[in-house]
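Everything on this sheet refers to the single structure shown next.
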Amino acid sequence: MMPSLHEVDLNVTDRCNLRCEYCSVFVTPVTDQAPELSLDRIERLFDEFDELGVRRVRVVGGEPFLRRDIVEILRTAGHRSFHTCVLTNGTALRHEHVDLIATLPAVESIAFSLDGVTAEEHNRSRGCASAFDRVVSMVDYCTARGVEHRMMTVVTAEVVARMCALVEFAAQHH
């Protein structure tokens, strides 16, 4: 009997537009070249995932929405036998991406990372003055479009004290 592979994290880029203080992933600045899988290779991997019976693929990075061909990647994943979730910091996500995801049956959700319930908390952690407003705006847009979304956080010593507030905030934003 062949062993099964249930879930896969597919790193589509190492480039990221933020400098999160706790990040454990090696990221490349947006302006730098980073080795990335070609769209053709990603399509072949998706075929292999289908053959292996993979149930869920998480598209991760860096920041996946920095890929110029992210629309093609989403379309390729959108009609597969596995479900796809895209993990994002929300700052490079656009309304057009959410509108597309709303039409793709196999792209089940977007997972937003959030480090605080105020702009000050989140932006300090992310190293970006406008990250909070952008992510909240995109979360609310997903709600309006009926696109399933999740919020996630990295539990650090700073975040532990705010866990209840984060859960409440997530509930308020569906």
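The values are calculated or read from the model by the stated rules, or taken from the named source; none is laboratory data. Not measured: the values here are computed from a predicted model. Cβ coordinates were reconstructed from backbone atoms using ideal geometry, including for glycine residues, and neighbour counts include every protein chain displayed. The protein model used for the area step is the full one, side chains on, heavy atoms only, and it has no ligands, DNA or RNA in it. Shrake-Rupley method; radii C 1.70, N 1.55, O 1.52, S 1.80 Å.
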Output for Cβ contacts, cut-off 6 Å, separation at least six or different chains, first residue within 15 Å of residue 78 (Cβ to Cβ) in the range 51-66, second among the β-branched types (Val, Ile, Thr) and part of a loop (DSSP other than H, G, I, E, B), reads 59/12; 64/12
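For (1) of a type in the set (D, E, K, R); (2) open to solvent by 50 Å² or more (accessible area, probe 1.4 Å); (3) farther than 25 Å from residue 57 by Cβ, each residue gets a yes or a no:
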site	(1), (2), (3)
104	no, no, no
108	yes, no, no
113	no, no, no
126	yes, no, yes
130	no, yes, yes
138	no, no, no
153	no, no, no
162	yes, no, yes
169	no, no, yes
Identify the single condition in (1) in contact with a Leu (Cβ under 7 Å, 6 or more places away or on another chain); (2) open to solvent by 70 Å² or more (accessible area, probe 1.4 Å); (3) at pLDDT below 95 that residue 30 does not satisfy, given that it satisfies every other one. (2)
The range 53-163: strands (runs of 3 or more DSSP E) wholly inside it with 2 or more residues that are of a type in the set (Ser, Thr, Tyr) are 83-88, 107-113
